[in-house]
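Colleague: Below are the C-alpha cells for one structure; questions will follow.
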Amino acid sequence: MTRARQHVAAMAPYALADLGGPDSRPAPSLAQNESFRPPCPGALEAVLATMADAALYPDPDWTELRSMIAAHHGIDRDWILCGSGSLELIGCLARAFAGPHRAVLAPEHAYPYFRSAAQASEARFDAAPESDCTASADALLEAVRPDTGCVFLANPGNPTGTRIPRDEVRRLRNDLREDILLVIDEAYGEFADHLDAPVFDMAETGNTVILRTFSKAYGLAGCRVGWGTFPKGIAVDVRKVLNPNNVSAISQAAARAALQDHAYMRKTCAQTAERRDQAAGKLATLGIRCPSSCTNFLLLDLETQDRARSAEARLRSGGAVLRRQDAAGLPHCLRMTIGPERELDSAICLLETWIGECMP
Ligand SMILES: *Cc1c(COP(=O)(O)O)cnc(C)c1O
C-alpha cells in the first residue's frame, strides 16, 4: 500500500457537474457553461482535413495559432502560451508560482479551480470579501499578506457572472506588491469586450498574466484550447511545467478556424446576451433574483440552501441540470447556463412549477 503525498491525499476531488438525469441517463445540461451553438462550420472542415495527418505529433509551439491570436488581438505572439484548456494554464501557473510560502489570494466567490490549483501546490488559499457577488480591488488589496504569492481574479467572474471595470483591474495591479503575480482569467472576456478596452498590454508589467479560452464564446469546450499572454520570463518557466504536446493538432486547427470566423463568435455573444437578459427578466417575475451577468450564465439566488437544494431536485426530476454553488461559498444559489432555447425555457417552467408547489 502506498499513498499520495499528504497535501494531495487531503484534497477533496474537484467537484465536476453531476450530469445524471432522473433515469440516470445524462440530461441536457445547463451546468457547464457550454455554448448553445455548435462550433463554426469552418472548424468542422478544418478538423476533418487535419485528421489526415493525425499520425504526427502536433506543433508543440502552436505557431500558426499563436500568430493568429496575436494578429487578432494586436499582441506580440512571443508572449502567448496555449494550454489544454485554460485550466491547464491555471494549474501550471500555480505549480510554478504558488507553494508553501507563496499563498494564493482570490475573491470569496472565485472560480473553485483556483482553490484546487492552490491546494495541489501546497499553497494556502485566502479569500477576499465581495459585495453583491462582485469582486473588489480594494478588498483584494486589503487581504494581501506578507506571504501572498499570486492573486487569481476571474473577470467576469464564475459563478457570479459579474465583472469589475478593467480600469479597476489596472488599479489593482498598480497597488499590488511587485513580487505578486496577478492572473486575470478572462474565460468570458469575449462576452464583455464591448464594455471597455482590453487589458492584454498589462502583461508588459512583467508580473501579470491574462488568460482566455476557446471553450465559451467560441463553442469549443470539447477541444480543450486556452491561451494566455505572459511576460516573457514567466512564459519560459510556465512552459517548463506544461505538457510539451498539450494541444492536439485537431484542436489547434479548430481554434484557428474559429478565429477566422469572427462574425460567428460575435453572433454567439449577441444571441447569448439577448437570451440571458430575457431569462433574467422571466426569473425576476418569478421572484428569483440574479446578479447582473456579463457571461453566458446566470447565478440564481434562491435565498436559502434548502430552497436551492429543493429547486435543484425539482429541476433534475424534470430533466434540467443546473449547478449547485456550494464550492464557491454560495450554497443558496444555482448557476444556469444560457443553453439551448428548449432546455432553457423548460428549466424556467420547472422553476415556476416549483414555486407553485412551494406556496400552496
Ligand atoms: C470555464 C472556465 C475556465 C476553463 O476553461 P477551459 O479553457 O475549458 O479549461 C477557466 N476559468 C473560468 C473562470 C471558467 O469559467
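The values are calculated or read from the model by the stated rules, or taken from the named source; none is laboratory data. Nothing here was measured: the structure is a model prediction, and the numbers come from that model. All Cβ positions, even for glycine, are placed from backbone atoms using ideal geometry, and neighbour counts span all protein chains on display.
Colleague: Which one of these is of a type in the set (Asp, Glu) and either in a helix (DSSP H, G or I) or touching a Leu at 6+ places or on another chain (Cβ under 8 Å) (or both): Glu274, Glu303?
Modeller: Glu274
Colleague: Ok, one more. Within segment 44-79, track down each residue that is over 25 Å from the mean Cα position of the chain (by Cα) and either assigned to a helix (DSSP H, G or I) or loosely packed, with under 15 Cβ neighbours inside 10 Å (or both).
Modeller: Glu45, Ala46, Leu48, Ala49, Thr50, Met51, Ala52, Asp53, Ala54, Ala55, Leu56, Tyr57
Colleague: Which one is nearest to the ligand (Cβ to nearest atom) among residues in segment 201-225 that are β-branched (Val, Ile, Thr) and modelled with pLDDT of 95 or more?
Modeller: Thr213
Colleague: For Val8, only one of the following conditions fails: (1) modelled with pLDDT of 95 or more; (2) in a helix (DSSP H, G or I). What is its number?
Modeller: That leaves (1) as the condition not met.
Colleague: Every residue in segment 89-112 that is within 16 Å of the ligand (Cβ to nearest atom) and surrounded by fewer than 20 Cβ atoms within 10 Å (Cβ to Cβ), please.
Modeller: Arg95, Glu108, Pro112 - these are the residues of segment 89-112 that are within 16 Å of the ligand (Cβ to nearest atom) and surrounded by fewer than 20 Cβ atoms within 10 Å (Cβ to Cβ).
Colleague: So for segment 21-41 (the condition being farther than 30 Å from Met202 by Cα and either in a helix (DSSP H, G or I) or among the β-branched types (Val, Ile, Thr) (or both)), does at least one residue qualify?
Modeller: Yes, some residue in segment 21-41 is farther than 30 Å from Met202 by Cα and either in a helix (DSSP H, G or I) or among the β-branched types (Val, Ile, Thr) (or both).
Colleague: Please name all residue pairs, on different chains or six or more residues apart, with Cβ atoms under 9 Å, provided the first residue is in segment 344-357 and is surrounded by 15 or more Cβ atoms within 10 Å (Cβ to Cβ) and β-branched (Val, Ile, Thr) and the second residue is assigned to a helix (DSSP H, G or I) and modelled with pLDDT of 95 or more.
Modeller: Ile348/Ala279; Ile348/Lys282; Ile348/Leu283; Ile355/Ala311
Colleague: Tally time: how many residues in segment 113-160 are acidic (Asp, Glu) and more than 20 Å from the chain's Cα centre (by Cα)?
Modeller: 4
Colleague: Let me ask you something else. Going residue by residue through segment 248-262, is there one that turns out to be farther than 18 Å from Lys216 by Cα and either of a type in the set (Lys, Arg) or not in a helix (DSSP H, G or I) (or both)?
Modeller: Within segment 248-262, one or more residues are farther than 18 Å from Lys216 by Cα and either of a type in the set (Lys, Arg) or not in a helix (DSSP H, G or I) (or both).
Colleague: Then there's this: State all residues of segment 312-360 that are within 17 Å of the chain's Cα centre (by Cα) and in a helix (DSSP H, G or I); if no residue qualifies, say none.
Modeller: Asp326, Ala327, Ala328
Colleague: Let me ask something additional. Hey, does segment 237-245 have a residue that's modelled with pLDDT of 95 or more, assigned to a helix (DSSP H, G or I) and within 14 Å of the ligand (Cβ to nearest atom)?
Modeller: Among the residues of segment 237-245, not one is modelled with pLDDT of 95 or more, assigned to a helix (DSSP H, G or I) and within 14 Å of the ligand (Cβ to nearest atom), which makes the answer no.
Colleague: Do the conditions hold for Thr268, that is, is it out of contact with any strand residue (DSSP E or B) (no Cβ under 8 Å at 6 or more places or on another chain) and part of a loop (DSSP other than H, G, I, E, B)?
Modeller: no
Colleague: Sort out which residues of segment 198-234 are over 20 Å from the mean Cα position of the chain (by Cα) and either surrounded by fewer than 19 Cβ atoms within 10 Å (Cβ to Cβ) or within 30 Å of Tyr264 (Cα to Cα) (or both), and write them in order of number.
Modeller: Of everything in segment 198-234, those that are over 20 Å from the mean Cα position of the chain (by Cα) and either surrounded by fewer than 19 Cβ atoms within 10 Å (Cβ to Cβ) or within 30 Å of Tyr264 (Cα to Cα) (or both) turn out to be Asp201, Glu204, Thr205, Gly206, Pro231, Lys232, Gly233.
Colleague: Any chance segment 298-315 includes a residue that's within 29 Å of Ala43 (Cα to Cα) and touching a Gly at 6+ places or on another chain (Cβ under 7 Å)?
Modeller: Scanning segment 298-315 turns up at least one residue that is within 29 Å of Ala43 (Cα to Cα) and touching a Gly at 6+ places or on another chain (Cβ under 7 Å).
Colleague: Restricting the search to segment 154-187, which residues are in contact with a helix residue (DSSP H, G or I) (Cβ under 9 Å, 6 or more places away or on another chain), aliphatic (A, V, I, L, M) and over 24 Å from Ser293 (Cα atoms)?
Modeller: Correct list: Leu176, Leu181.
Colleague: Starting from residues that are charged (D, E, K, R) and crowded, with 16+ Cβ neighbours inside 10 Å, keep the ones in segment 123-167 and report whichever is modelled with the lowest pLDDT.
Modeller: So, considering only residues that are charged (D, E, K, R) and crowded, with 16+ Cβ neighbours inside 10 Å, the one modelled with the lowest pLDDT is Arg166.
Colleague: For segment 111-229, which strands (runs of 3 or more DSSP E) that fit wholly inside it have 1 or more residues that are of a type outside the set (Phe, Trp, Tyr) and in contact with a Lys or Arg (Cβ under 6 Å, 6 or more places away or on another chain)?
Modeller: Output list reads 148-154, 181-185, 208-213.
Colleague: Now for a separate question. Assess whether Arg115 counts as being among the basic types (Lys, Arg) and more than 18 Å from Ala154 (Cα to Cα).
Modeller: In short, no.
Colleague: Looking at segment 267-290, can you tell me whether even one residue there is more than 23 Å from Gln32 (Cβ to Cβ), surrounded by 21 or more Cβ atoms within 10 Å (Cβ to Cβ) and away from the ligand (no atom under 16 Å from the Cβ)?
Modeller: No, every residue in segment 267-290 fails to be more than 23 Å from Gln32 (Cβ to Cβ), surrounded by 21 or more Cβ atoms within 10 Å (Cβ to Cβ) and away from the ligand (no atom under 16 Å from the Cβ).
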